[in-house]
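Have a look at the structure below, then the notes.
Every read-out reported here was derived from the displayed coordinates using simple, explicitly stated rules and does not represent laboratory data. Quick caveat, the model's predicted, so the values are computed rather than measured. Methodologically, a virtual Cβ is constructed for each residue, glycine included, from the backbone with ideal geometry; neighbour enumeration extends over all protein chains shown.
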Amino acid sequence: MTAYKDLSKNELKALKKELTKKFEDVKAKGLKLDMSRGKPSTEQLNLSMGMMDVLTSSSDLVCEEGVDCRNYGVLDGIKEAKQLLADMMEVPKDNIVIFGNSSLNVMYDTVARSMIHGVMGSTPWCKLDKVKFLCPVPGYDRHFAITEHFGIEMINIPMTPTGPDMDMVEELVSTDPAVKGIWCVPKYSNPQGITYSDETVHRFAKLNPAAEDFRIYWDNAYGIHHLYEDKQDYLIEILMECKKEGHPDMVYKFSSTSKISFPGSGIAAIAASDANLKEIREQMKIQTIGHDKLNQLRHARFFKDIHGMVKHMKKHADIMRPKFDTVLASLEKELGGLEIGSWLAPRGGYFISFDSMDGCAKAIVAKAKEAGLVMTNAGATYPYGKDPHDSNIRIAPSYPTLDEIKLAMEVFTLSVKLVSIDKLLAKAE
Ligand SMILES: Cc1ncc(COP(=O)(O)O)c(C=O)c1O
């Protein structure tokens, strides 16, 4: 395989002609494909249908506290749901609060509370001239949307294969009191599928923030979302690690069962120190009389315990694995050795991240759209939608069928090749 950069202008032109013909043929098929959002497929949703049957009109709906789940009562989660999610999040049961159906909602509320009321007695962020968040990039667009919504300045931190660039994180966190938080997806990250190394987690726990109200926003959305039985990433548990280092309050952990049971109808939780949770409960009791306990009960009875959940996740993996393998095989076969793009092979999560040559991502996504393939907008993986290199594209293989993915990858790889050729030809002019 000759790298495109080593081809002559005439060779590139000839190749462009041949690939354009292929592209037009695919385009003529009038495809309608979508690899834009990380949604579970119908087949995956069907795995949890048993949950619809665990509670019936004749079920005993009293939870372990002795409270009738149909009624008011129990503010921060029923015991059985706390145990299940505590085991899932690898924290003690007393360090967890169960919320509603969305962890993103919990993250939004956490930032909103800090803006309006401050964090454990410190000045509310809305009264400060400047509030900054560190944003490992590429990252999750909806995290960045929350901080942008509140007018918080976002600073890009490059991701490395072991997590965010920790030299930069340490420097900024320890010297700038305006830095109040960092968004982290520490395991099978969105979009790269990277898991933070032991050293990275240790360095996080050892941070010495200039701001007393600095918090690590540890969104472990993909903590048990492995793809393989034999190759699984391991992540050090940060809450305990921060406690050991004498910073018990420095981290908020978030998670949910969105991609375990039903997105939009799962249960979400925050895990944190006693002091942080005290403050969170204070606000919670003003916000709500309590979240949906019937849904909590449904989850607890369906999964039974963490072992039930882990078994369930293997069924998800059996559906997801061939899709990931198909995307990766196509990238390797079509683009390997051409030096017009790079990617990582994640061991879990929901995404594959592709980096094109600089200045090509937007054009690739637009080109793919011409042939009926919708990808996540280029730039979405960066704060303000601005990828400084215009190179990152997030591939979400979960929702389409295997056959659709094969077609989608044909469109995608052709689009990458054509846009890259144009870029190289323009450079040669
Ligand atoms: C990293 C990350 N966090 C949170 C979410 C959303 O979670 P929830 O459905 O619990 O709001 C997603 C969904 O894609 C995600 O990728």
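Here are the numbers for this structure:
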| item | result |
| --- | --- |
| Bridge type composition, the chain - antiparallel percent by DSSP, nearest 5 | 45 |
| Which of A86, C126, G359, positive extreme of dipole for the chain (C-beta unit charges) | G359 |
| Reachable aspartates and glutamates from K206, criterion Cα separation under 18 angstrom, eight or more residues apart if same chain | D165, D167, E170, E171, D176, D198, E237, E241, E245, D249 |
| Amide H contacts under 5 Å for V62, placed H, 5+ residues apart | C69 |
| Descending principal axes extents, segment 63-304, alpha-carbon based, whole Å | 51, 48, 32 |
| Cβ-defined net charge surrounding P383, 14 Å radius [Lys, Arg +1; Asp, Glu -1] | -1 |
| Of the DSSP H helices in the chain, those whose Cα atoms cover at least 30 Å axially and whose Kyte score averages 0.5 or more | 402-428 |
| Mean residue ellipticity (222 nm) of the chain, computed from DSSP H runs ≥ 4 via -39,500 (n - 2.57), nearest 500 | -13500 deg cm²/dmol |
| Antiparallel content of DSSP bridges confined to segment 63-304, in %, to 5 | 35 |
| For I182, residues with placed amide H under 5 Å, excluding near neighbours | L134, R215, Y217 |
| Fraction of alpha-carbon pairs over 20 Å apart in segment 1-96 - percent | 71 |
| Size of charge dipole - the chain - debye, nearest 20, with Cβ of Lys, Arg +1 and Asp, Glu -1, no other charges | 1140 |
| Label-point gap, in nm, between K130 and I286 - each point 7 angstrom along Cα→Cβ | 3.0 |
| For segment 246-290, fraction of C-alpha pairs farther apart than 16 Å, in % | 52 |
| Karplus-derived 3J(HN,Hα), 6.51/-1.76/1.60, for each residue of segment 238-255, Hz, glycine and proline x | 7, 4, 5, 5, 5, 4, 4, 7, x, 10, x, 8, 7, 10, 10, 9, 10, 6 |
| Trypsin sites (Lys or Arg not before Pro) within segment 269-345: DSSP coil, no more than 15 neighbouring Cβ in 10 Å | K304 |
| The chain - convex hull of alpha carbons, volume per residue in Å³ | 146 |
| Rh (Kirkwood; distinct C-alpha pairs) - segment 320-429, Å | 14.1 |
| Amide H partners (placed H, <5 Å) of L33, local residues excluded | L373, V374 |
| Estimated dipole of segment 63-304 in Debye, rounded to 20 [Cβ of Lys and Arg +1, of Asp and Glu -1, Cα centre] | 760 |
| Loop chymotrypsin sites (Phe, Trp or Tyr not before Pro), segment 9-103 (other Cβ atoms within 10 Å of the site Cβ: 16 or fewer; DSSP) | Y72 |
| Tally of Lys pairs whose C-alpha atoms are under 27 Å apart, taken over segment 296-408, 8 or more apart or cross-chain | 22 |
| Local electrostatic count at K16 - Lys and Arg +1, Asp and Glu -1, tallied over other residues with Cβ under 13 Å | +4 |
| Segment 141-201: GluC sites (Glu not before Pro) in DSSP coil with no more than 12 other Cβ atoms inside 10 Å | none |
| Mean separation of Cα contacts under 8 Å, 6 or more apart, over the residue count of segment 63-304: relative contact order % | 27 |
| Value of relative contact order over the chain, rounded to a whole percent, pairs C-alpha under 8 Å and six or more apart | 26 |
| Flagged links, alpha-carbon separation over 32 Å, of K79/K187; K130/K417; K13/K187 | K130/K417; K13/K187 |
